[in-house]
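Bear in mind that the values in this text are calculations on the coordinates, not laboratory data. Please read all numbers here as calculations on a predicted model, not as lab measurements. A quick note on method: Cβ atoms are made from the backbone with ideal geometry, for glycine too, and the neighbour counts reach across all protein chains shown.
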Amino acid sequence: MSLHPDLKSILVSEAEIQQRVQSLAAQISQDYAHVGGELYLVGILKGAFIFLADLARRLQLPHHVDFMAVSSYGATAHSGEVRVIMDLREPIEGKHVILVEDIVDTGKTLNYLYKTLLGRKPASLRTCTFVRKLRPSLDVPVDYLGFEIPDVWVVGYGLDYADKHRTLPFIAELEPHVYSKPT
Ligand code: PRP
């Protein structure tokens, strides 16, 4: 199969992803098996929707799914302030919550959301992120992690470049010429 010209190489294959998501789901199912009440999965749009869909369908325990969306303001993509632009439909007070993200890059988004959700007094709050970049980031707790990846621009499995390549079943590194030219 030939790669799209925007893509340099595949970093994590579809088979590796599916295997890892299965083991994360098994781990979460085990960890929450004896917790009273149902689990609430909170996915962060847009990036987390594919990971969350695969993870949720493999959980072996009752759970709810809800979503939030945030926006970053600032000179560059992740430099600015984070703001909630779409909130949860249900209160999470007294619930066991897992915040599900596609990527931790600077850590700004997860850090902000973690504090925001903690302020709503859930019974417990953990985080699950599909990938985390190997780079300095804010010290934010990641309880369940899919993969550590190099500090390069990646797309696929929910991750995009200018809203492109989000639905690829694998994670690929973008060719530098793609993001160094104006979109
Ligand atoms: C991406 C990703 C995370 C965030 C991580 O969202 O989905 O939410 O960036 O970056 P950080 O660790 O530097 O804060 P993006 O703003 O690209 O929106 P999208 O998910 O809608 O594509």
The chain: angle of helix 49-58 to the longest principal axis, Cα-based, in degrees nearest 10: 50 degrees
FRET efficiency estimate (nearest 0.05) - Cβ-Cβ, His177 to Ala33, R0 30 angstrom: 0.05
Virtual spin-label span in nm between Leu145 and Lys46, 7 Å along Cα→Cβ: 2.8 nm
Label-point separation, Val152 to Ala15 (7 Å along Cα→Cβ), nm: 2.1 nm
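Using just the helices of the chain, give the 222 nm mean residue ellipticity in deg cm²/dmol: DSSP H runs with n ≥ 4 each add -39,500 (n - 2.57), and the total is spread over all residues, rounded to 500.
Details: 4 runs with 43 residues, N = 183.
That calculation yields -7000 deg cm²/dmol at 222 nm.
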Residues of type aspartates and glutamates that Lys8 reaches as a straight line, Cα spacing below 15 Å, ignoring anything fewer than 8 places off in the same chain: Asp151, Asp160, Glu173, Glu175
Lysines with Cα under 18 Å of Lys115, excluding same-chain neighbours fewer than 8 positions away: Lys95
The chain: angle of helix 108-118 to the longest principal axis, Cα-based, in degrees nearest 10: 10 degrees
Two-site FRET efficiency, Asp6 against Arg89, from Cβ-Cβ distance with R₀ of 41 Å, rounded to 0.05: 0.70
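Over the chain, what is the mean sequence separation of C-alpha contacts under 8 Å (at least six apart), divided by residue count, expressed as relative contact order in percent? If you can, show how the numbers build up before the last one.
Details: 348 pairs, mean separation 43.6, N = 183.
It comes to 24 percent, rounded to a whole number.
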Residues in region 19-50 reached by a label modelled at Lys121 [backbone nitrogen below 20 Å; 7 Å Cα→Cβ]: 36-40
